[in-house]
Every structure is written in structure tokens, then in C-alpha cells.
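The values are calculated or read from the model by the stated rules, or taken from the named source; none is laboratory data. Just so it is clear, the model here is predicted, and its values are computed rather than measured. In this analysis, Cβ positions are derived from the backbone assuming ideal geometry, glycine residues included, and neighbour counts consider all displayed protein chains. What goes into the accessible areas is simple: the full protein's heavy atoms, side chains included, and nothing from ligands, DNA or RNA. Shrake-Rupley method; radii C 1.70, N 1.55, O 1.52, S 1.80 Å.
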Amino acid sequence: MNHNSESLSAPMAAVTAAPPAQPARPATGKRSLQQRRSRAAWVLVTPALILLAAVAGWPLLRTLFYSFTNAALDTPEEYDFVGLANYLDFADGDKFGVLADPLWWQAVWNTLWFTFASVSLELVFGMLLALLMNQKFRGQGLVRAAILVPWAIPTIVTAKMWGWMFHDQYGVVNDLLTRAGLIAEPLAWIAEPTLSMWAVVIADVWKTVPFMALMLLAALQMIPSDLYEAARVDGATAWQRFRRITLPLIMPAMIVALIFRSMDALRVFDLIYVLTSNSEATISISGYAREQMIAFQEMGTGSAASVLVFMMVAGIAASFLWIGRFNDEGKENKE
Amino acid sequence: MKLTRKQKELGAKFWIYLAALVVSVICVFPFYNAVLTSLRTGQDLFLTSYLPTTFHWDNYVNALVENGVGLSLLNSFIVATVTVGVCLLVSITAAFALARVRFRGRKYILFTILCVSMFPQVAVLSGMFELVRFLGLYDSIGALILSYTTFSLPFTVWVLTTFMRSLPVELEEAAIVDGAGLWVIISKVFAPIMGPSLVTTGLLAFIGAWNEFMFALTFIISTENRTVPVAIGLLQGASQYELPWGNIMAASVVVTVPIIVLVLIFQKRIVSGLTAGAVKG
Amino acid sequence: MAQLTLDKLNKRYGESAQVIKSIDLQVNSGEFIVIVGPSGCGKSTLLRMIAGLEDISGGGMYIDGAYVNDDTPSERGIGMVFQSYALYPHMNVYENMAFGLRLAKLPADEIARRVEESARILQLEPLLKRKPKDLSGGQRQRVAIGRAIAREPKLFLFDEPLSNLDAALRVQMRMEIAALHRRLGSTIIYVTHDQVEAMTLAQRIVVLNRGNIEQVGTPLELYDHPANEFVAQFIGSPKMNLMPATLLTAGATESVVRLWNGKELTVPIPTPASAEGTKVKLGIRPEHIEWGSVADAPYLADVLFVEHMGNETYHYLDSGNLGEPWVVRNPHRSAVAPGDTVGYLLPPEHCHLFDDSGKSFERRGGGAVAMRVPGMDAPAISFAEPMRTNVIH
Ligand SMILES: Nc1ncnc2c1ncn2[C@@H]1O[C@H](COP(=O)(O)OP(=O)(O)OP(=O)(O)O)[C@@H](O)[C@H]1O
Ligand SMILES: [Mg+2]
């Protein structure tokens, strides 16, 4: 390695003399910092990745696999491939499969409606609540604690509590409404198909508004207060301050919270299963898939429905991302 | 007449307090109502009165002992604790790498983890069913620990990653200059500092596991292996048509109180954990 | 104590951004080098490359002649003090200083000796049991320095260590660091964007700009013989005034320039004949412009505004459409008011000339070296050329 000795003496001269060619890099056989860190990083994430592949990746693939078979739940080893028959099949001039099942489409409609209704109500109430919590007043700690109560209560308990409150004869809701003179007859919140979805939405909103409010509150608290002072000096009204300062600044956090909540609402199962016993008027797509698989023991059909649920949720998530990106680009173009 | 500044402020304060009161009542009332109901028996149950009338503890005894909710509490506790323990252990190293090291593939891993955390559970249900049976875990709480990892692990990795990111880079560099390797940095420098964040993350994951319903409903058959949500969800009375509301409310109160107490104790942390997981994502 | 050699060191992030461009530098054993430059010029990056916290994209780095490009920071034997102190919050002062030594598996008594020694030097003994959160900013900075000292490094690296401290504490810590250097005699590389720190601490200053070294030299060399416009304007506050001019007559000892206003000025700066007729810039520092009477001074200007600092006064003169106002600095109070018209002189011996590309024509003289404060050790200055004694005004 005579390069080595050269490059050792070169630097002294280089300060004054014309720079010689790039010195050769002596081969030390060592890895650079970045290389070492990348390697170690892979070692560190591997256990988590393996575990994740085992409990999420593999089952997901198997679900996909079973969706093309006619396996039954109690004997999953015995199956025949049936192609896409679980999804949609034509035989004897009739349609079969999940996509031909009116209950599936009812479930899709229920789920979308539930998601839309509860997430938009949550957004409105969450925003109001966050604005309230952003004020300074005595007893704020108590209110904050109270807000956390619905969030802390397990969903099943929520379902049972509201189920009891919605009880057609002895429920508190009917009692209060009657006392207030709003209704003459008790309403069958759970049994009546037109009302039962509202019962579900109300219970869900009650439970999840705190989460939304806390997200929005965190975003609100990151807005520097001198912005408001400046706007006040400029003579902006409260509504203008909200519209021109608050809303644009919390928009990113709001969108993230909306996405999170929508994804959550789209996979709803437990609340509906317990509150309205998966009634036809309220059954969700997750509930439908599970019913096919567990109650009817149709592993193939159930898996196909599961795959459809997955694709639907993934599709909606992807379109959220796509809209988000579209928005970002729009903003950049404007600037 | 124009209101003075002081009057305006008083007016605003009035509305704020009124709103705060309404909000608090709405948030707490259903639980309060559950407590009221749980203390009533027989025909009292069907009173619609908003103040405590009787104090019967029979419902609690019934729910905990006869309906096996007491045992379910234990099951839930074991399942949630083990799940959270395993997930935290695995995710602390992963979170360090994902938050602190720039390496190829990092973004894809993060994206995958985010996606998995948004999975509908039902999408893995039949695959998980097969896996659980294959491992001989059907109808045992092992099945739940395994399946809960599906959603707990992405969650803990994600939240810990955002927490790790917020630690100053210079701290890590100081440790590198001191001659620490990655393992020493994680175990001797980051883990001790991360204590509070680990508690927060663990608590949130614990609550998630405690509340899970679908897997617990699907993979457990026998009453004695049920977790709390299933025990409450499937609580039956003497006759099929008459739900034992007193018992159900008693059980609900019992499983909710520990969580509410935990949440209120760790209020600040929980709020920061929730927002770290979502807002900064 | 070690010698550090950087040989065409460069750094790029990804494909595009070359942050450090072929840096050659020789740091002698025991030398105190300060790297200055505007924000984002790559000071921290260079220092972190030296530390081993950042990979070197090209070129070689040698400590005492040994190639260290791929060595870890601890193998390089460096100690580093960070801007935000970076103390381990869960360890007390003693543990903070001992952490690296424990990792190096030194025997317990040696660790104790070293920690106590550095605690003594930095007067940290009463604080050893405290956690960082119970320390003041200055104390934290001292612990950070102590942690570096305890490692007995060959090379100390400081990245803007004082910028989080308030002004008074900064002065005090500056003196402590200077004293520390005298006491330990270690090689120090110190990054700052504070000129005063650079001028007071450095034996040699490295001026960095956009990843290039603009000039290396002692503080006074940089002040008196800036290699180019950038250094001329970067060192010294307020910065040097630059006035457009044309080189009329080149010469081996002096040159004649025609200034923007048509006046001619002979300056004692040699210029090559090839430069004759080209555009040049005449530079003069604010403290070197002299007042003249309005009646017969060669230059007149309107005063835009005046800043009274108490011990000195800055006057901003209207430079017309030639750019920023020119600054005149007087070491006393001034009765000149905004709106006044003043006459001024440009003493030729204090003028600098820069060619069109910004490179300076080498001046023959030094600055106005007035006196040496007795008892103060001035760093060893050796000018390349003999100093010409100037008239003291
Ligand atoms: N990881 C990175 N990827 C891309 N560019 C980077 C990265 N780190 C730093 N840079 C760029 O390198 C340049 C030099 O950064 P550096 O931190 O060294 O500046 P600096 O001189 O220390 O500035 P300051 O005085 O503000 O601390 C900057 O323009 C910065 O944007
Ligand atoms: Mg810097």
C-alpha cells in the first residue's frame, strides 16, 4: 500500500501546494458509522417484524387463501378450491356469494352510514368540547377528568349501559324525553329498525367524542396565543378568528384524527353486536363477516367477506391519503 | 346600553361554566345511572328515579361469583399484562431503530406498521383461527395473547417511535462519543429516560387489550376462560328474555372502576400518549 | 494532545447537497482552533465529521498521522461538548462524567480519580450528587466540559457551547475555557458563530463559508489581511465598508484607484499590471474612517442615523445608490446628528483592495497595532511579512 504513505504526507503540502488527486482511501476493513448503524437497526427491528408477520401477515394471507375455498370452520383441512364463487357466482341463472347477498349490501350501507354519522357528529362535538377546554376556567381539571370517563369505559360496558338507558319501558332516555314532553309514547330504540342505528350512533359518539376533543385540544394548544392577540388588535371577530386562524392551523391534526376515527368506525363490531344484537338494521360488515364464519361455520364465505372488508377499509384509507396528497399539491401550486 | 367589558366577561364566564356543567353531566351520567341500577334489586330496578333509593350489594355478589365475572377479571388482567409486556419488550428496540437510525426500508416498515394498526380485525379472523388451532391454543387465554399482539404491537411500536423521536439527538451522540454501542444506548440511556413514556404506552395498550371483544368472543368457549368484555356481553339471566340488568350493571361497574381510576391517576400521561400516537403521526 | 489533519475532506447528503467541499486543514498539537462562519455553512457538520458522528463522504482524516475515517468516536479519542449540554438526565453529575469511563472498562479507582480531578478543575465538587435538572445553565455546561475532560481525550470538540447561556455567563465561561486550554494544553476545535468568541479564544481561526474554507489565520491576520471580501466583511463589527472603484494605475508598491465619485486615491497596496483598468472595491473598516471639515474634506455625505453605544458611536452615512450605508465608528461620543452633512477622509494605509471576484490584493502593512497590554500573553503571531508601523491617530 504505497498509497498510504503518500496520502499521509500529502495533506501537509496540500495547504499550500496545488491539490493533488483525490487520495486513495486506505482499506481499513471497517464499516462506516452509517453502515454499522443500518445493520444494527435491522437486527433491532427484526423481532418485531417477525412477530408482526406471524400474527398479522400470515393470518391475513390465510384469510385470503380460504376465501377461495369452501372450507367449513370445524374442518378447515378439508376444502376444495372454488375460485371466486364465495365472492360472486352464477348458477342456474341465479347469483350466489357475498356480493349477491342483500344482507351484505345492507351491512355495507349500515357501516358507511354509521361511519359518516358518528364521525361527523364527533367532529362537531369534539371541536366544541376542545374549544371549551381551551378556555381558562376554574374546575377545568374536573371537567377534563369527566371527559375521560366515557373514553375509559370499555366498549362492551358502554353498549350495555346505553342498552339499559335505551330500554323501551324502563330506560332513562325515554323517561327524560317523556318528562320533557318531547314524546308521547316510549320509543323502542333498540327494536325499531329506524331508531336502532341512531341508538348505536349516539352511544358511539358519547364514547369517542373525548378522543376527538383531546386530539383537537392538543392541536389548539400548539397555536401561539399572540396570533389571537394580533388578530384581536386587527379587529377580527371571534368567528373570524376561529375561521381564519384556528381552523387552518388545526386542520392537519383534524384530518389525522378524522382518518383515525373513520378507520376505527369502519371496523365497528362490538358495540353493534352487544347493543342491537347484530340486528339486520345495524349489522356492520365486520359483523356480517364474523357471522358467516362463526355462526354459520362457512369459513370460505366468511373469509371472502373478511377480504372484502379489508379491501373496503384499505380503499377508503388509500383515498384519504390520495385526497391528502392532492390537497398538499394544491397548496403548493397556490404558493 | 352598551355592556361594559366587565359585564361581557361575566357573561362569557357564565356560558363557559354552563357548558362545562352540561358536558360533565353528559359524560358521567350513564356511568352514574349504571351505579344506581347496580344497587337496586327486584322491582326497584324499574324505578326511574335519579337518586339512590336502595343499597343492595346482591347484584355485585351475583355478578362476581355466580356469573364468573370475578374469574374473568383475573383472565383479562393476565391476558392484558402479558400482551403488553411482550409487545413493549419487542417494540422498544424496534422503536429505537425506527426513530433514531436512518436506514433503507425504514419508511416502508413504518408505513406497514401504520397499516396493520388500522387493520379491521375481522380480516385476520379466519387465518388467526387456523393458527390458534394449529398451536393448540383454542379456548385458552394463550389464543388471546397471540391474537391481541396483532393490534397491540403496531400500536406500541408506533407510539414509542414518536416518543423516541422527541428525545434530543445530542443525547444519543453524547453517548456515542462516550463509547456506547446501540444496545448500551437503548438500555442505559434511553430506556431509563423513556420510563414515563413506557408507562403511558403500556397503559394505553393495556386498555386496548382489556377492552377487546371480537377475538375473545371467537376463540374462547368455556365460561371460566372468558375475559371481562365477553363475560359481560354474554351475561344471561334466568330466562332468555329477561336480561338481569342489575347484575350486568354491577359487573360493568366492577370492570370499569379500575380502568377509570387508572385513567384518572395517569390523566396527563394518557392524554400526551394519545396525542403522540395520533397527532404527530 | 494530538495533531489533526484533514485531507480534502468532503461530505454530501444524498446525491445533491455537498455540504463540505474538499477541506484541507492541519491542526497542530495543543492548538486552539475556532471555526466560524454564517449559519448553515457546515460548521457543525465538519465538527461532527471530525468527531465521527457523521460519515466522511470523501477525503481522509488523520489523528497523529493515523487514518481514522472509519473509527468510532471513542476509538478516535475525542471529547465533545454539545450546545445543549446533552447531559444524561437520569444520572447525577458524577455518573455523567463516569459513564464513558465505565464503558471503557477502566478500573474503579482510575474512574474515581479522573472524575474527581475534572470535578476539581471545574469546581464541580459540591455538585457531584446532583441531577442535571437541579443545575444552572452554567453549571450544566461545566459538567458537559467535565465529562469531556474526564475522558482525557486527544482532541476536544466544542459545538457552540456557550450559545445557550446569557451574556454575562458567556463571558465568564469564555474565560474559563481559555484558562482550561492554557492549563491542559489540549488540542481544541471550537465552533461558534460569535465573532467575539472566535477573536478572543482562537490561536487560529478557520472561516468557513458554504462548505469551503475562506481563510485560516490568527485573529489579527484575518482582521488585518482578509483574503477576500467575505472574510473582510465577516470579521469585525460593524462590518467593513466596501466602495466601488476602478484601478487606474497598478504598481509594485502602491496603486491609484478612482473612486465612485471620481476622486482618486493612492493606496499602499501592490497590484499587478494586468489588473489595471478593472473594477475593484475599496474596503475600509468603520473605525478607520476619519472626519474632515466639510470645507476641504475630499468626501462628503449625509448622515442617515446615529447610534450611541455609550463608549462609542456608529454613524451611518448615505451611500447614495451604492448599497448599504457606510458606517463610521468613533471611540467617543459624537455631536453629529442625523441630517448633518459631514466631510470624511479615507486614510490610505487602512484601505483594502479587492478585485472583481472578491479576492483581496495582498496588503503590505499590518493594522494599527498600538500596544501590548503588559502581562497578557498574546498568542504567538508571526506575520508572513514584516509589519509596517502605522501612524497612530
Ligand atoms: N441530514 C442532512 N441532510 C441534508 N442536509 C443537511 C443535513 N444536515 C445538515 N444539512 C445541511 O448542511 C448544511 C450545514 O449544516 P450545519 O448544521 O453544519 O450548519 P452550521 O454551520 O452548523 O449552522 P449553524 O450555525 O446554524 O449551526 C445546512 O445547509 C444543512 O441544511
Ligand atoms: Mg451548527
Quick one, what does Rg over Rh come out to for region C:238-354 if you take C-alpha atoms and the Kirkwood Rh? 1.00
Roll a 1.4 Å probe over the protein heavy atoms and report the accessible area of B:Tyr138 in Å², nearest 10. 80
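With Kirkwood's inverse mean 1/r over C-alpha pairs for Rh, give me the Rg to Rh ratio of region C:4-232, two decimals please.
0.97
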Neighbouring partner chain Cβ atoms per residue of C:24-37, average, 10 Å criterion: 1
Anything in chain A that counts as a DSSP H helix reaching 20 Å or more along its axis (C-alpha) with Kyte-Doolittle mean of at least 1.0? List them, would you? A:102-133, A:193-221, A:247-266
Return the carbon/sulfur percentage of the accessible area of region B:5-46, one whole number, probe 1.4 Å, all protein chains in place. 73
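If N is the number of residues in region A:194-335, what value comes out of its Cα radius of gyration divided by 2.2 N^0.38 Å?
In units of the globular-protein estimate, region A:194-335 measures up at 1.43.
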If you take the accessible area of A alone, add that of C alone, and subtract the area of the pair, what total do you get in Å², probe 1.4 Å, to the nearest 100? 1700
Long-range amide H contacts for C:Thr313: which residues qualify at under 5 Å (H placed 1.01 Å from N, peptide plane, sequence gap of 5 or more or a different chain)? C:Asn330, C:His332
Which lysines have a Cα lying under 20 Å from the Cα of C:Lys239, excluding residues fewer than 8 positions away in the same chain? C:Lys281, C:Lys359
In Å², what does the accessible area per residue of region B:161-264 work out to with a 1.4 Å probe? 32
Dividing the surface of the Cα convex hull of chain A by four yields a projected area in nm² of 34.1
Measure of exposure for C:His332: accessible area at 1.4 Å probe, Å² rounded to 10, is 90
At what distance in angstrom do the alpha carbon centres of region C:73-117 and region B:101-158 lie from each other? 42
What relative contact order, as a whole-number percentage, does chain B give when Cα pairs under 8 Å and 6 or more residues apart are counted? 31
Relative frequency of Cα-Cα separations exceeding 26 Å in chain C, percent: 60
Sorted by packing (mean other beta-carbon atoms within 10 Å per residue), highest first, where do A:62-75, B:139-152, C:247-260 land? B:139-152, A:62-75, C:247-260
Using alpha carbon centers only, region B:1-68 is separated from region C:128-157 by a whole-angstrom value of 56
Across peptide B:188-196, what mean number of C-beta atoms from other chains lies inside 10 Å of a residue's C-beta? 2
Rank these residues by their accessible area, most exposed first, probe 1.4 Å: A:Val256, C:Val115. A:Val256, C:Val115
Order C:Arg48, A:Arg39, B:Arg104, most accessible first, counting only protein heavy atoms with a 1.4 angstrom probe. B:Arg104, A:Arg39, C:Arg48
Partner shielding of B:13-21, taken as the mean number of other chain Cβ atoms within 10 Å, equals 4
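Under DSSP H, which helices of chain C have Cα atoms covering 15 Å or more of the helix axis and a Kyte-Doolittle average no less than -1.0?
Long hydrophobic helices here: C:93-103, C:108-121, C:137-150, C:167-184.
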Highest-first arrangement of C:131-139, B:172-180, where packing means the average Cβ count within 10 Å: B:172-180, C:131-139
Using the alpha carbons of the protein assembly as shown, what is the convex hull volume per residue in cubic angstrom, as a whole number? 271
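How would C:Lys105, C:Lys279 rank on accessible area, largest to smallest, probe 1.4 Å?
Final ranking, largest accessible area leading: C:Lys105, C:Lys279.
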In terms of modelled amide H atoms, which long-range or inter-chain residues lie less than 5 Å from the amide H of C:Met80? C:Leu157
Could you pull out every whole DSSP H run in chain B that spans at least 30 Å of Cα extent along its own axis and averages 0.5 or higher on the Kyte-Doolittle scale? B:5-38, B:69-100, B:141-165
Pairs of lysine residues in region C:4-232 - Cα separation under 27 Å, sequence separation of 8 or more or cross-chain: 12
Buried accessible area, chains A and B (both chains, 1.4 Å probe, Å² to nearest 100): 7700
Using the alpha-carbon centroid of each, what span in Å lies between region C:328-344 and region A:137-208? 80
What figure in square angstrom, to the nearest 10, would you give for the accessible area of C:Leu322 with a 1.4 Å probe? 60
Equivalent-ellipsoid semi-axes (√(5λ), Cα gyration tensor) for region A:44-118, whole Å, largest first? 30, 23, 9
